[in-house]
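Got a structure here, written out as structure tokens. Questions coming.
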Amino acid sequence: MVQNRAVVAESVLFKEPLLQLRSVTKRFGSITAVRKVDLEIRRGEFWTIFGPNGAGKSTLLRVVAGLTGPSEGSVSWPGSTMDRSRIGYVSHQSLLYGDLTGLENLLFFARLYALTEPRRRVDELLQQMDLVNASDRPVREYSSGMRQRLSLARALLHDPDLLLLDEPYAGLDQHGGRLLTEILNGLRDEKRTVLLITHSLEGLDLASHLLVLNRGEVLLLRPRGDLTRGEFEKLYFELVGS
Amino acid sequence: MRYWRLIFVLARKDLRLEYRSPQSLLTTLFFAVLILVVFNFAFDPGDPAVRTAAPGILWVSMLFPGVIQLNRSFQSEREEGTLLGLILSPVDRGILFFGKCAANWVLLLLVDFLVLICFFLFYNVGISSTEIGLLFLLLLLVGGVFSAVGTLFAAMVSTLRARDVLLPVLLFPILVPEVVAAVNATRELLGGNSLQYFWHWVKLLAVADVVFLAAAFLLFDFVLEE
């Protein structure tokens, strides 16, 4: 009986959307950056958003993060309320202080999030991101890859319900990109809910669901299924135009 | 209690950054001392006119360069994108304001303290220890108003290209009554007059502190939006 309840609870947990976007439109003056986007994200899903530059991907992410409100439509968290501590956000900028060390940066943000054991959590994440040896160095001395991993650690500090990643591969070399993919693979395996914006096809392999945006409109929204890189590329260029 | 701790965490971060990379603090101090030096050439140290002009010289040299410090406080957050990190945190934006304001206040007091030492060295103004204590009280109160309004306006103009020009243009008209009060209170103090009028000006500054801190706290949320 108890086991049944657990199964029911789990299925409800994974079926009820964590986040719901209803006909979300965002305008900046006469420009419509995002047009009538409907989206439901469930716990454990890994969404990758593709689209050319200026497609409205980052704007959509900013709307989801609550950094800007939609001009029309709604963003809701069914069964709960929006709280900034539910979101982890990684942008192509590191959002880290160059003159502070990696450790100081993480401890600073851990205190802002009022973590009960900031040092323990910070050490755990430094370990996970393979940054323990660099933790006492100022962040301005870090490579792009190290900054991006530290930025990811900052976003994960408070164990957010939803992780928003805005082009985390930008500026990374192949080694940095591979390390980041390994970490993101780990997050997917942990069943974290992720919304990733990328131009990189690495994002396709990570995805459980795909979304293609162009000129603010959704052109494709589907589970990834067994779509291969080749098939996706063909489909993408058919939709977006070469 | 949690709010105080957060304000402390935020202010400590800014002070630590300034300690590691003190460009704006040094520039502010250099500018302030330069003003004192220039005025020093205009007056003969023994001239009684020094006593009359001294309060004005003192406050001009302490407040005008302070704008450099204020401008940098948000500019660096915008440049590194760290302001977004702060906005995304669950900390109330009013607390973010108080943290920033507290750091600016401390840095301004530090500069003012050093300027004050230079002022007494350059202008040979005699003052008792009690009067020095009262002068510090003035520094504290004027620094509060300056940091509160300055932090709010620095956040407002930080996204604009003309921010370096705009900040003093916006800030000083608002601060005119407080600067007048500070100059008059300092004149009473340095003139060796009865302290009755001095306390009137101090009360006015104390009220200005409360009003401007409260107003800036309430408005900061709107400034950070979008």
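Quick one: in the stretch A:127-145, which of the residues that are free of Cβ contacts under 8 Å to residues at least 24 places away in the same chain and away from every other protein chain (no Cβ under 14 Å) is nearest to the chain's Cα centre (by Cα)?
A:Gln127
Further question: Please determine, by comparing only the residues of the stretch A:92-126 that are over 27 Å from B:Asp221 (Cβ atoms) and facing chain B (nearest Cβ under 7 Å), which one is surrounded by the most Cβ atoms within 10 Å (Cβ to Cβ).
Residue satisfying both the conditions and the ranking: A:Gly98.
Now, a different point. Could you check the stretch B:22-58 and list, in sequence order, the residues that are surrounded by 15 or more Cβ atoms within 10 Å (Cβ to Cβ) and in a loop (DSSP other than H, G, I, E, B)?
B:Phe43
Consider the stretch A:47-91. How many of its residues are part of a loop (DSSP other than H, G, I, E, B), crowded, with 18+ Cβ neighbours inside 10 Å and within 14 Å of chain B (Cβ to nearest Cβ)?
Summing the residues that are part of a loop (DSSP other than H, G, I, E, B), crowded, with 18+ Cβ neighbours inside 10 Å and within 14 Å of chain B (Cβ to nearest Cβ) in the stretch A:47-91 gives 3.
This table checks each residue for (1) modelled with pLDDT under 95; (2) more than 30 Å from A:Leu235 (Cα to Cα); (3) of a type in the set (Ser, Thr, Tyr).
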site	(1), (2), (3)
A:Val2	yes, yes, no
A:Leu13	yes, yes, no
A:Ser30	yes, yes, yes
A:Gly54	yes, no, no
A:Val75	yes, no, no
A:Gly79	yes, yes, no
A:Val90	yes, no, no
A:Phe109	no, yes, no
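Does any residue in the stretch B:15-35 that is closer than 14 Å to B:Phe64 by Cβ come within less than 6 Å, Cβ to Cβ, of a residue that is part of a helix (DSSP H, G or I) and among the hydroxyl-bearing types (Ser, Thr, Tyr) six or more places away or on a different chain, and which pairs are these?
B:Ala32/B:Ser61; B:Ile35/B:Ser61
Within the stretch A:82-121, can you find the residues that are among the hydrophobic types (A, V, I, L, M, F, W, C) and in contact with a strand residue (DSSP E or B) (Cβ under 6 Å, 6 or more places away or on another chain)?
Result: A:Ile87, A:Val90.
Now for a separate question. Out of the residues in the stretch B:48-100 that are over 22 Å from the mean Cα position of the chain (by Cα) and under 24 Å from B:Leu135 (Cα atoms), which is farthest from the other protein chains (Cβ to nearest Cβ)?
Per the stated criteria, the residue is B:Pro48.
Additional query: In the stretch B:107-226, which helices (runs of 4 or more DSSP H) lie fully inside it and hold 3 or more residues that are touching a Pro at 6+ places or on another chain (Cβ under 7 Å) and more than 27 Å from B:Gln23 (Cα to Cα)?
By residue number, B:163-190.
Moving to a separate point now. Restricted to the stretch B:130-167, and to residues that are surrounded by fewer than 20 Cβ atoms within 10 Å (Cβ to Cβ), under 17 Å from the mean Cα position of the chain (by Cα) and not aliphatic (A, V, I, L, M), which residue is farthest from B:Phe220 (Cα to Cα)?
Ranking the qualifying residues of the stretch B:130-167, first place goes to B:Phe136.
Filter the stretch B:1-33 down to the residues that are among the hydroxyl-bearing types (Ser, Thr, Tyr) and either facing chain A (nearest Cβ under 9 Å) or under 16 Å from B:Lys100 (Cα atoms) (or both) and list them by number.
B:Tyr3, B:Tyr19, B:Ser21, B:Ser24
When the residues of the stretch B:170-226 are narrowed to those that are within 14 Å of B:Leu152 (Cβ to Cβ) and within 14 Å of chain A (Cβ to nearest Cβ), which ends up farthest from the chain's Cα centre (by Cα)?
Out of the qualifying residues, it is B:Glu225.
Let me spell it out: the conditions are (1) in contact with an Asp or Glu (Cβ under 6 Å, 6 or more places away or on another chain); (2) surrounded by 17 or more Cβ atoms within 10 Å (Cβ to Cβ), and B:Ala216 meets all of them except one. Which number is the exception?
Evaluating B:Ala216 over (1) in contact with an Asp or Glu (Cβ under 6 Å, 6 or more places away or on another chain); (2) surrounded by 17 or more Cβ atoms within 10 Å (Cβ to Cβ) leaves (1) as the failure.
The values are calculated or read from the model by the stated rules, or taken from the named source; none is laboratory data. Note that this is a predicted model, so its numbers are computed, not measured. Positions of Cβ are generated from backbone atoms using ideal geometry, with glycine treated the same way; all protein chains shown enter the neighbour counts.
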